[in-house]
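Below is one structure; the comments refer to it alone.
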Amino acid sequence: MRFFISAVIAILSFFFSSSFVLAEAKVVSSDPASEVTLDQSPGKVSVTFSEAIVVPGSTLEVKDNDGNRINAGQLSLSSEGKTLTTSVSPARDGNVTVHAHSVAASNNQTLDMDLQFMIKKTAPLPKAGSQNGLIGILGLITVGLGVVLKVRLLRLGNKKLS
């Protein structure tokens with residue numbers, strides 16, 4: 001009986017020892033950051049993990065709002081082995097999804113993570129004092145003056161008739 005209890009304790013201590021605990025690479029940051037809204041499509045997307053990963057098996061897949069893959073270049077790994085980067089083709093307005101699949105270098109543990117950011121291009125406002133703005137204002141003034149003159153002429157015409 002003692003032998004059985006000793007064997008169980010030895011096995012349990014092996015499984016719960018710190019050397020047996022499997023670390024898992026986690027996403028530390030991304031560029032662009034998750035849930036951010038951009039006014040233009042980024043030229044590249046990168047994801048940084050908490051520990052070194054290996055490229056054979058690790059991937060970044062970037063898709064536009066319609067589900068089309070917009071990765072434009074090859075995947076690159078930073079010198080410390082923690083950041084995956086890929087170049088991206090220009091995307092239209094809408095949500096962009098980044099699917100990261102990583103394989104940890106230390107123990108081959110895998111992690112799948114989805115991140116999203118939004119692209120919402122905005123039209124530039126006319127500069128104060130620009131010709132287009134000035135022409136628009138002059139046009140409104142001209143139309144306004146024309147209406148006022150017509151109303152006055154009609155009133156004058158009505159007075160003459162009575």
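Using the Cα centre of the stretch 23-119 as the reference point, and only Cβ charges (+1 on K/R, -1 on D/E), how large is the resulting charge dipole? Debye, rounded to the nearest 20.
Its charge dipole is roughly 220 debye.
With a point put 7 Å past each Cα toward its Cβ, work out how far Ser29 is from Ser79 in nm, to one decimal.
For the pair Ser29/Ser79, the computed spacing is 1.7 nm.
Sticking with the crude label model, points 7 Å out along Cα→Cβ, report the distance from Asp114 to Val54 in nm, one decimal please.
Distance between label points: 2.8 nm.
Run the simple label-point estimate for Glu61 and Asn107 please: 7 Å along Cα→C-beta, distance reported in nm.
2.6 nm
Explain nothing, just the number: relative contact order of the stretch 23-119, from Cα pairs under 8 Å at least 6 residues apart, as a whole percent.
36 percent
No lab work stands behind these numbers, since they all come straight from the coordinates. All figures in this text were calculated on a predicted structure; none of them were measured in a lab. Methodologically, a virtual Cβ is constructed for each residue, glycine included, from the backbone with ideal geometry; neighbour enumeration extends over all protein chains shown.
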